[in-house]
Each structure stands twice: as structure tokens, then as C-alpha cells.
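Participant: So that we are looking at the same thing, I have put the structure below in C-alpha cells.
The values are calculated or read from the model by the stated rules, or taken from the named source; none is laboratory data. The structure presented is a predicted model; accordingly, all values stated were derived computationally and were not measured. All Cβ positions, even for glycine, are placed from backbone atoms using ideal geometry, and neighbour counts span all protein chains on display. Remember, those area values only see protein heavy atoms, side chains included, never the ligands or the DNA or RNA. Shrake-Rupley method; radii C 1.70, N 1.55, O 1.52, S 1.80 Å.
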Amino acid sequence: MGKPTGFKEFPRQSESYAPIEERVKNYKEFVGHLTDEQATIQGARCMDCGIPFCNNGCPVNNIIPDWNDLVYRGEWEKAITVLHSTNNFPEFTGRICPAPCEAACTLGINCDPVGIKSIEHAIIDKAWEKGWVKPQAPVIKSGKKVAVVGSGPAGLAAAQQLARAGHDVTVFEKNGRVGGLLRYGIPDFKLDKGLIDRRMEQMQAEGVSFRTNTLVGAKSVPAGITCDASNFVTPEQLKKDFDAVVLSGGSEVPRDLPIPGRELDGIHFALEFLIPQNKEVAGDGANPISAKGKHVVVIGGGDTGSDCVGTSNRHGALSITQLELMPRPPEEENKPLTWPYWPIKLRTSSSHKEGCVREFAVASKEFVTDGNGHVKALKAVRVEWKDGKMVEVPGSEFELQADLVLLAMGFVHPISPILEAFGVNKDRRGNIAASTEGEGCYATNVPKVFAAGDMRRGQSLVVWAIREGRQCARAVDAFLNGGKTLLPR
């Protein structure tokens, strides 16, 4: 694959980033894809390792060595064909996937791994520029109709696969624009929303219909659900009108922090801050929460917390502190111990580099009021982990000034009222119970109702959602065709 000695001759080439002082002034993407020459050299680094662990490290099982080799040889159009054979939306994963494939790269055992994600980014961007990405409308229509509930990456992948198999697909989205948390949860500076619109146009040309502002599973908006819905569809109506239903919404119930002072103003879940900001960038109204001139505390050290940091920097926050309950990870992973699995190591995002103080092994104890019902500080304590248990360090209590607190501690399960309206069984974590193996995979206990993505597996990565959407589409196609399907897994 590539050049036999390429991994010895060429260093890893990273993508270019706009300067921090420029990019924090707007919400535009700031990561540039590799040039043709750079991508060719990076493709040359893909070694003939014998067993490409990157294929298994990638949730959609991208055929990575093949398109690396094609890029090295300058056969870009063939490369996008191979890339699209396993991944419906490489422009999404090429931007926001954490690249578990690179953690599994054989070259990564004792060297910098192949820049797989950057090559994927370059392939799909060139494919759009050259006009190689075209609608793939089915030649023969099945006459069967499928409803897909949720227009995030799982729903979109399932819808596109099913439409290409010849079924009439309608995607239902409770908000005003298609994309789910791809659109509303991920900031524009990480994923330009024009990329979603472009794919939606392709899918419409393939026969997919979209119904926005439509909440499925209720006759009105239940408590705890934030959406733009003005139309409502019951499960009974869906099951009557469609031959199969795919539930592919997100895991949207956030983990809370029930400590004294939680009821104070100025304390918000992360998506209460991020979703309105994305709507503001799209021209759909102003974000009611502002970080400008404030001391911001972000509780939670994951990707959502990082997005809060990047957005707060663009607002003009006075200071930003991100707290993580777990200890600070090592700067470098123990490769002999963890390869080819996802390693534990310190990950510093582009948002962190824009300005942020990161504190590890810190437990939040109490929110302090300013006397007028608004938060002004957070009391916290440092902790140690002994025998798997968290222990507070005596005398380590401290207080942080906090005018705005953003809770980014993950999501626990999908919105329950919708699941209960369909009558689907749930697992012990509150997700939809549906197996991924054997006959009837992705099927729920309710006849002709299937589930995929975060709503089935819980909070996860975009690339896992795409995988589940594709596999669920295969299961639905087999269900509609008496057990036969030509769709790939």
C-alpha cells in the first residue's frame, strides 16, 4: 500500500489552522484540508502492514488502506468511490470524528500514525469540488414506505440507504432544520452547516422527503422537550401510514448536578447554550445566554464541554475554567498496553488552545448566590481516586468566580415520553432495547418499529451513528423484502 518505504521517508503532515486571534472573531470553519501534494505524501505513509487494524478501529469499517493507496497514486475519483462504499457522510467524520482508526494504525505503535482523518477530509472536499458526488436514485421502486424519526447522522444514513434501495422514505425532524444534533449540537466553527444542506439536497434528489417542525410520539410538546414543533404525529398514525418505522433520535436527556444552589440563575445545561447559538448563526433568532464579559465555568471535560469553551471564547468571556472529575490523563498513552484500542491520554482540542484553564480531579460542592438569585461562585474540592472510589482531599476546598456555569457532563438516555408513546422496551440505561446481531437485528418489540443510533446505543460518536443507521437500513430492507437485501452492512 502506498510507497513501501513511505512511512520511513515522510513525517506526518497536519492540517492547517487559522490563527487563534482571527478564528475566535467568527463562527466559520478554520481547519484547511491538505493540498493534493500533501495528501499524496500522507497516503504514501500507509505501510503494507498485513493486517490493517484501522479497518476495525473505524466503526463504519472504512477501507482505509485502499483509499490511502489511491490518493498516493492520484486516483482521487476512485478514492471517493471506495470511501463512500462504507461511509455516507465523510465530510462529517473527516471534520469531527476523533479518529479511532488512527489509534489503531499499525504505524502508531512506535511512530506517528497515518493521518487517516486528514486524507478522508481531502478526498471528500475534492469530490464535491469536482462534482463527483451525485444523487444515486434507485432504478426500481419497491412501493414500500419507511418513516425515519430523527434527522441526525443515524437517521440520515438510514434514510439515504433505504431510498437507494427503492423505498419511499420520509424523515421527521422536530426542529426547523434538518440535521439533529449535527446541526444544533456541534458549533459551526467545527462543522459548517452548509455541508448538511448540501447532503439534504442530494437526498431529496434521491427521493427522500423531509418533514420539519414535526414531533413524533405526542399530540403536544411534553415537558422537558425543547423544539420548534408546530405539527404532531402519533405512533399509531405512523404505523398506519408506513410499512416500517426507524427511531433514530438522539440521547438528549443531560446528566444533572444536584448540589446546593443548582436552582440559581446563570446555571445551564450545555445544549441550552449551544443550540440557541447555532440557531443565531443560522439567522433563527438571538442566543438568550451570553458569555461576554463573564467568568465562565464549564463542568465536564468531554467534547461538549470543549464546544462550550470555544463558543464562550467567541462570545468574549472574561475567563473560562473547565472542570473534570477524573484525574489528569498522561500526556502520551502507553502504546504497548493499549494499541490498537482507544487510549487514555490528555486530549487538547483547538478550543482549549484558544484560551481555557483546565482543572482535573475536581468535584463541585455548591453554587454560591450573589444574593439576588444569580450564581456568583462555585465551591469545589480536589479529589483522589483510591481503589476505584473518589475521596476528597482534606483541606483542598477552593472557590471559583462563576457568572455563567455550563453543565456538560454527558447524556443519560433518550427523551422518555417518545419511547413510551411507541411502547418500545427499554434497557437498564433507558435506551431502546434492540439487538444488533442475528435475525431481527435493530428491531424493537413493537412490530415493524426499528431503532438505531444514540436512541438505541446511548450517547456516542457521529461515526457510530452512521454505522448504526446503515446497518439498521439493511435490517429494514430485509424485513420489507422477505429476508433479502442487497444493502451492505
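Participant: How much accessible area per residue does the chain have, in Å², with a 1.4 Å probe?
Facilitator: With all protein chains present, the chain gives 44 Å² per residue.
Participant: Between ASN334 and VAL393, what is the label-to-label distance in nm when each label sits 7 Å out along the Cα-to-Cβ direction?
Facilitator: Inter-label distance under the simple model: 2.2 nm.
Participant: Ok, one more. Using R₀ = 25 Å, calculate the FRET efficiency as 1/(1 + (r/R₀)^6) where r is the Cβ-Cβ separation of GLU437 and TYR341; round to 0.05.
Facilitator: 0.75
Participant: Give the separation of the Cα centroids, the range 347-379 to the range 185-264, in Å.
Facilitator: Cα centroid of the range 347-379 versus Cα centroid of the range 185-264: 30 Å apart.
Participant: Could you please state how large a percent of the accessible area of the chain is carbon and sulfur, counting protein chains only and using a 1.4 Å probe?
Facilitator: Within the chain, the accessible surface is 51 percent carbon and sulfur.
Participant: Going by Cβ distance under 4.7 Å, what cysteines of the chain have no possible disulfide partner?
Facilitator: Here CYS46, CYS49, CYS97, CYS105, CYS111, CYS227, CYS308, CYS356, CYS441, CYS472 come out as lacking a disulfide-compatible partner, given the Cβ-Cβ threshold of under 4.7 Å.
Participant: Give me the number: length gained by fully extending ILE20 to LYS134, i.e. 0.36 nm times residue separation minus the C-alpha to C-alpha distance, one decimal in nm.
Facilitator: So the chain would gain 37.5 nm between ILE20 and LYS134.
Participant: Compute the length gained on full extension between SER220 and SER416: take 0.36 nm times their separation in residues and subtract their Cα-Cα distance, giving the result in nm to one decimal.
Facilitator: Working: separation 196, 0.36 × 196 = 70.56 nm, distance 1.45 nm.
Stretched fully, the SER220-SER416 segment lengthens by 69.1 nm.
Participant: Testing the spin-label approximation: label points 7 Å from Cα along Cα→Cβ at GLU9 and ASP36. State their distance in nm.
Facilitator: Result: 1.9 nm between the two label points.
Participant: Count the net charge of all other residues whose Cβ sits under 12 Å from the Cβ of SER351, scoring Lys and Arg as +1 and Asp and Glu as -1.
Facilitator: On the way: positive: ARG23, LYS190, ARG314, ARG347, LYS353, ARG358; negative: ASP303, ASP307, GLU354.
Counting the neighbours of SER351, the net charge comes to +3.
Participant: Between GLU280 and THR348, 0.36 nm times their residue separation minus their Cα-Cα distance comes to what?
Facilitator: 21.8 nm
Participant: Tell me whether the range 228-354 comes out rounded, prolate or oblate; compute the Cα gyration tensor, take square roots of the eigenvalues as a ≥ b ≥ c, and use a/c under 1.5 as the rounded threshold.
Facilitator: Values: a/c = 2.13, a/b = 1.27, b/c = 1.67.
It is oblate, given that a/c is not under 1.5 and a/b is not larger than b/c.
Participant: A further question on this structure: Heavy-atom accessible area of SER290 with all protein chains present, probe 1.4 Å, nearest 10 Å²?
Facilitator: The value for SER290 is about 50 Å².
Participant: Further question: What trypsin sites (Lys or Arg not before Pro) does the range 36-112 have in DSSP loop regions with at most 16 other beta carbons within 10 Å?
Facilitator: Counting only loop positions with at most 16 other Cβ atoms within 10 Å, the trypsin sites (Lys or Arg not before Pro) in the range 36-112 are ARG73.
Participant: Next up: Can you classify the chain as rounded, prolate or oblate using the Cα gyration tensor, where a ≥ b ≥ c are the square roots of its eigenvalues, rounded means a/c under 1.5, and otherwise it's prolate if a/b beats b/c and oblate if not?
Facilitator: Note, shape of the chain comes out oblate.
Participant: Continuing with this model, one more query. What number comes out for the charge environment of LEU480, summing +1 per Lys or Arg and -1 per Asp or Glu over other residues with Cβ under 10 Å away?
Facilitator: Residues near LEU480 contribute +2 overall.
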